[in-house]
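Student: Quick one: this structure, given as structure tokens, is what I'll be asking you about.
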Ligand SMILES: Cc1ncc(COP(=O)(O)O)c(C=O)c1O
């Protein structure tokens with residue numbers, strides 16, 4: 001038949017058949033084809049190729065969630081007795097991995113605030129195996145000057161991992177900053193429609209094979225249907241990000257001037273402590289922001305409850321705008337001291353800006369903020 005599908009087919013198969021035992025043995029021993037979808041699947045390899053190209057690495061690996069991408073990356077690069085240095089401002093699940101799981105495996109975990117460059121530098125100098133970063137951060141949108149830290153970490157022989165979920169592959173290129181393993185929760189901007197759970201790592205050859213091997217063992221591979229939806233998400237990522245970047249900037253300026261708002265955390269604002277770093281290292285300021293309402297916990301909760309267009313929900317990065325109070329969900333498991341250290345106040349709202357007309361979003365915020 002002439003003509004081929006424009007869209008790569010979804011290969012809904014768990015296993016693969018062979019013409020001969022020799023072929024099967026060759027695939028198992030030399031990975032010259034497909035054997036089992038927990039190892040590899042054509043649909044998954046197709047979206048991995050696109051992700052690797054987008055982030056500028058040789059390889060990408062697709063996972064069943066962002067957390068599967070994070071745990072598999074860390075486990076595949078660490079063993080008992082090793083030392084990991086992480087910034088404190090990481091996603092809640094990552095924080096739990098570092099504080100509850102890794103110490104039980106004999107791995108030393110050191111956590112330092114992302115803005116404390118002096119302490120980060122001195123901990124790297126002591127010797128580390130992995131430097132783990134997340135930038136921009138959740139929920140205060142701190143943006144790190146990554147490249148100098150990568151240089152120091154590499155001089156100590158460490159592998160550098162960076163969770164770039166908040167930036168998406170459009171707004172930040174960690175490969176240009178020297179990062180070895182770039183991590184994304186595909187649940188967010190990549191999927192883009194709040195309908196998949198997935199993750200990616202993008203890396204050089206050496207890290208990829210470590211990650212691939214551990215993915216096979218731990219089993220957190222992406223399924224083909226999710227791979228198809230992630231690939232579809234990538235087709236519109238660029239224009240969605242352009243709209244989300246623009247919408248967010250307008251909303252940040254509106255909120256900054258609003259009498260019911262105490263402060264706005266958005267790297268595109270000149271008032272943001274990392275605006276200069278963001279200007280230099282990001283290609284767009286992103287669709288995420290947070291702000292403090294001039295009220296207490298209950299007053300802020302009422303603002304949330306009055307939103308009509310913006311949905312009260314956790315997660316982020318999709319076409320629909322979402323808002324929540326981090327203290328009630330994403331940061332609920334943190335102790336009051338840790339919450340204070342993370343800058344998560346009771347009146348803090350996190351907003352994920354979607355692609356709706358910006359005037360509609362501003363009208364919704366304006367009516368909800370009449371306090
Ligand atoms: C920055 C960041 N990294 C990782 C994750 C985990 O991703 P997933 O929920 O797909 O496991 C999240 C989830 O919110 C996140 O915000």
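Student: For the stretch 21-232, give me the percentage of DSSP beta bridges that are antiparallel, rounded to the nearest 5 percent.
Tutor: Numbers: 11 of 27 bridges.
Beta bridges within the stretch 21-232, antiparallel portion: roughly 40 percent.
Student: Most mobile of 174, 136, 42 per a Gaussian network model of the chain (Cα springs, under 10 Å)?
Tutor: Residue with maximal mean-square fluctuation among 174, 136, 42: 42.
Student: Let me ask something else. Any chance you could check the Cα centroid distance between the stretch 252-292 and the stretch 1-28 for me, in angstrom?
Tutor: 49
Student: I'd like the antiparallel share, as a percent to the nearest 5, of DSSP beta bridges with both residues in the stretch 1-139.
Tutor: 10
Student: Need one number: nm distance between label points at residue 58 and residue 209, each 7 Å from Cα along Cα→Cβ, rounded to one decimal.
Tutor: Inter-label distance under the simple model: 0.9 nm.
Student: Run the numbers for residue 156 and residue 45: contour at 0.36 nm per residue of separation, minus the present Cα-Cα distance, in nm.
Tutor: Additional length available on full extension: 36.7 nm.
Student: Moving on to the next point. When the chain is modelled as a GNM with alpha-carbon springs shorter than 10 Å, which of 143, 293, 101 fluctuates the most?
Tutor: Among 143, 293, 101, the largest mean-square fluctuation in the Gaussian network model of the chain belongs to 101.
Student: Still on this structure: Summing -39500 (n - 2.57) over the DSSP H runs of n ≥ 4 in the chain and dividing by its residue number, what mean residue ellipticity at 222 nm do you reach, to the nearest 500 deg cm²/dmol?
Tutor: Details: 13 runs with 145 residues, N = 371.
Result for the chain: -12000 deg cm²/dmol, rounded to the nearest 500.
Student: Now for a separate question. Can you give me the three principal axis dimensions of the chain from its C-alpha atoms, in Å, biggest first?
Tutor: Sorted from largest, the Cα extents of the chain read 73, 58, 34 Å.
Student: Sticking with this structure for a sec: How would you order 112-118, 350-356 from highest to lowest mean count of nearby Cβ atoms within 10 Å? Could you put the intermediate results ahead of the total?
Tutor: Numbers: 112-118: 15.4, 350-356: 24.1.
Going by the mean number of other Cβ atoms within 10 Å, highest first, we get 350-356, 112-118.
Student: For the chain, modelled as a Gaussian network with Cα springs under 10 Å, which listed residue fluctuates most, 270, 242, 134?
Tutor: Residue with maximal mean-square fluctuation among 270, 242, 134: 270.
Student: To continue, here is another question. Rounded to the nearest 5, what % of DSSP beta bridges with both residues in the chain are antiparallel? Walk me through the numbers on the way to the answer.
Tutor: Numbers: 24 of 42 bridges.
Restricted to the chain, the bridges split so that about 55 percent are antiparallel.
Student: May I pose another question? Give the distance, in whole Å, between the Cα centre of the stretch 304-371 and the Cα centre of the stretch 164-190.
Tutor: 22
Student: Within the stretch 258-284, find all residues whose amide N lies under 14 Å from a label point positioned 7 Å from the Cα of residue 302 along Cα-to-beta-carbon.
Tutor: It comes to 260, nothing else.
Only the coordinates and a few stated rules stand behind these numbers; no lab work does. Given the structure is predicted, the values throughout are model-derived calculations rather than measurements. Ideal geometry is used to build each Cβ from the backbone, glycine not excepted, and the neighbour counts take in all protein chains shown.
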